[in-house]
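Peer 1: This is the structure I want to talk about, given as structure tokens.
The values are calculated or read from the model by the stated rules, or taken from the named source; none is laboratory data. All values reported here derive from a predicted model rather than from experimental measurement. Glycine also receives a Cβ, built like all others from the backbone with ideal geometry; neighbour counts cover every protein chain displayed. Note: accessible area is taken over every heavy atom of the protein model, side chains too, but ligands, DNA and RNA are not part of it. Shrake-Rupley method; radii C 1.70, N 1.55, O 1.52, S 1.80 Å.
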Amino acid sequence: MQRYSGFGLLKHSLSYHENWQRVWRNPTPKKKYDIIIVGGGGHGLATAYYLAKEHGITNIAVLEKGHLGGGNACRNTTIVRSNYLWDESAELFEHSLKLWEGLSQELNYNVMFSQRGCYHLCHTLQDMRSNERLANANRLNGIDNEMIDAAQLQREIPLLDCGPNTRYPVLGASVQRRAGNARHDAVAWGYARGADALGVDLIQNCEVIGMVINDGKITGVKTKTHGIISADRVGCVGAGHSGVLAKMAGFELPVVSHPLQALVSEPIKPVLDTVVMSNHVHGYMSQSDKGDLVIGAGIDSYVGYGQRGSYPIIEHTIQAIVEMFPMVSRVRMNRQWGGIVDTTPDASPILSDTPVKNLFFNCGWGTGGFKGTPGSGHLFAATLAEGKAHPIAAPFSMFRFHSGKLIDEHGAAAVAH
């Protein structure tokens, strides 16, 4: 497994981030682009990079209303895995995981991808059956996943309480050994540097406030700072705000936006070298290279765009984590936050054309956006370059909600994150 000691690499990553912000300046937008990408997060920057690198299209503008990588790209819990149940999802996320495995070399930038494994805990017989079904489905698709019992789980994760007197006894787990985590902002900056070097215009502080549509065909976007910017095709990758962008174009998307909770502890010595998830208790935890315990929580039930979250969700998650890992009960929480995720009814993303010609949307990733970053960008770039969906992306059309061909991953792949 690929492991990093972390601190020196993290220092390098942050110093590059700081240098970029200090030295780099926004280019002046051209009057006309081949492609405009709305959204300068991980997915948008990855799309721009692959458009330039693999399709030779460099007359591209990435428009970001804030600063690059400042949205969900820096508000996630960094987990990467591909153990999804349905064939379409498994192919999508396995495609992404394979790109993750060579991403640092591809970008010549250390994204700190660490394949430390990911365990999905089973607390009931139904959990065991569901995870066995998942593991078998993955193996039939050529994706690694295996079942282990409680005794083996206790040997592999000594910190986890697998005793018989726990509130939620642990019966076993499924584990994907190739899964792991990565440095979230390093991914965004790596793609940003790569796209910039290939000639892509990365334009920060440029909020899109409208779409220019003539005879059912998009010809550009209206921005708050630079007026109208024209393009032959437009791809919208505005995580959490996709419904707002669709409304500008005159149609509705089957997505709703919710705050998603997470938190980190104070740095402590290494105690956990993997990712542990529990859907039953609902909580998951890993440890960063800095020593923080990275803890994921749930989506707030209300719809909104707030990035602060709510304390009851955090309180419930901490209770779950302490039940599974009693040793961390005295560790102090350092900070908590909320990202904004847009989710679809079947908890699968949208990579699709739209009712407006030459307008495409990449959205609805819910809690699975980070792990899908390279695959999302790679497939969306192919879709924008060709004007039609890549075969792996084709099942994720927004029109599946009209045909009924849903990809219902909601609760199917253990914890949805």
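Peer 1: Being β-branched (V, I, T) and within 27 Å of the chain's Cα centre (by Cα) is the filter; apply it to segment 149-177 and report the residue that is surrounded by the most Cβ atoms within 10 Å (Cβ to Cβ).
Peer 2: Once the filter is applied, the top-ranked residue is V175.
Peer 1: Which residue pairs have Cβ atoms closer than 9 Å, lie 6 or more positions apart in sequence or on different chains, and pair a first residue in segment 193-212 that is touching a residue at least 60 places away in the same chain (Cβ under 8 Å) and open to solvent by less than 60 Å² (accessible area, probe 1.4 Å) with a second residue that is of a type in the set (D, E) and assigned to a loop (DSSP other than H, G, I, E, B)?
Peer 2: L202/E64; I203/E64; Q204/E64; C206/E64
Peer 1: Could you say whether any residue in segment 325-341 is without any contact (Cβ under 8 Å) to a residue 40 or more places away in the chain, open to solvent by 50 Å² or more (accessible area, probe 1.4 Å) and farther than 22 Å from N72 by Cβ?
Peer 2: Yes, that holds for at least one residue.
Peer 1: Then there is this: Can you find a residue that is farther than 26 Å from G387 by Cα, in a loop (DSSP other than H, G, I, E, B) and more than 28 Å from the chain's Cα centre (by Cα) anywhere in segment 196-213?
Peer 2: No.
Peer 1: Continuing with this model, one more query. Where in segment 51-142 are there helices (runs of 4 or more DSSP H), lying wholly inside it, with at least 2 residues that are touching a Pro at 6+ places or on another chain (Cβ under 6 Å) and not aliphatic (A, V, I, L, M)?
Peer 2: Filter on segment 51-142 gives 87-101.
Peer 1: Same structure again: Quick one: would you say A46 is within 19 Å of the chain's Cα centre (by Cα) and at pLDDT 95 or above?
Peer 2: In short, yes.
Peer 1: To continue, here is another question. Considering each of F361, F401 in turn, give the residue that is in a helix (DSSP H, G or I) and either out of contact with any Gly (no Cβ under 7 Å at 6 or more places or on another chain) or farther than 30 Å from T274 by Cβ (or both).
Peer 2: F401
Peer 1: I need a count of the residues in segment 114-134 that are of a type in the set (A, V, I, L, M, F, W, C) and surrounded by fewer than 22 Cβ atoms within 10 Å (Cβ to Cβ).
Peer 2: So the answer is 2.
Peer 1: Only one of (1) open to solvent by 10 Å² or more (accessible area, probe 1.4 Å); (2) part of a strand (DSSP E or B); (3) in contact with a helix residue (DSSP H, G or I) (Cβ under 6 Å, 6 or more places away or on another chain) fails for D185. Which number is that?
Peer 2: Against the list (1) open to solvent by 10 Å² or more (accessible area, probe 1.4 Å); (2) part of a strand (DSSP E or B); (3) in contact with a helix residue (DSSP H, G or I) (Cβ under 6 Å, 6 or more places away or on another chain), D185 comes up short only on (2).
Peer 1: Continuing with this model, one more query. Given the options L63, L107, name the one that is open to solvent by less than 30 Å² (accessible area, probe 1.4 Å), farther than 25 Å from N181 by Cα, touching a Gly at 6+ places or on another chain (Cβ under 9 Å) and touching a residue at least 12 places away in the same chain (Cβ under 8 Å).
Peer 2: On the way: L107 fails: farther than 25 Å from N181 by Cα.
The match here is L63.
Peer 1: Pick out the one residue from V294, V271, V303, V322 that is among the β-branched types (V, I, T), modelled with pLDDT of 90 or more, over 19 Å from Y168 (Cβ atoms) and surrounded by fewer than 17 Cβ atoms within 10 Å (Cβ to Cβ).
Peer 2: After ruling out the rest, the residue left standing is V271.
Peer 1: Oh, and also: Give me the residue from segment 274-291 that is in a loop (DSSP other than H, G, I, E, B) and within 20 Å of the chain's Cα centre (by Cα) and, out of that set, modelled with the lowest pLDDT.
Peer 2: Within segment 274-291, the subset in a loop (DSSP other than H, G, I, E, B) is 274, 279-282, 288-291.
Restricting the remaining residues to those that are within 20 Å of the chain's Cα centre (by Cα) gives 274, 279, 282, 288-289.
Values: T274: 97, N279: 85, H282: 82, S288: 93, D289: 90.
It comes out as H282.
Peer 1: A follow-up question, please. So which residues in segment 364-381 are open to solvent by 10 Å² or more (accessible area, probe 1.4 Å) and either of a type in the set (A, V, I, L, M) or not in a loop (DSSP other than H, G, I, E, B) (or both)?
Peer 2: Listed by number, the residues that qualify are W365, G366, T367, H378.
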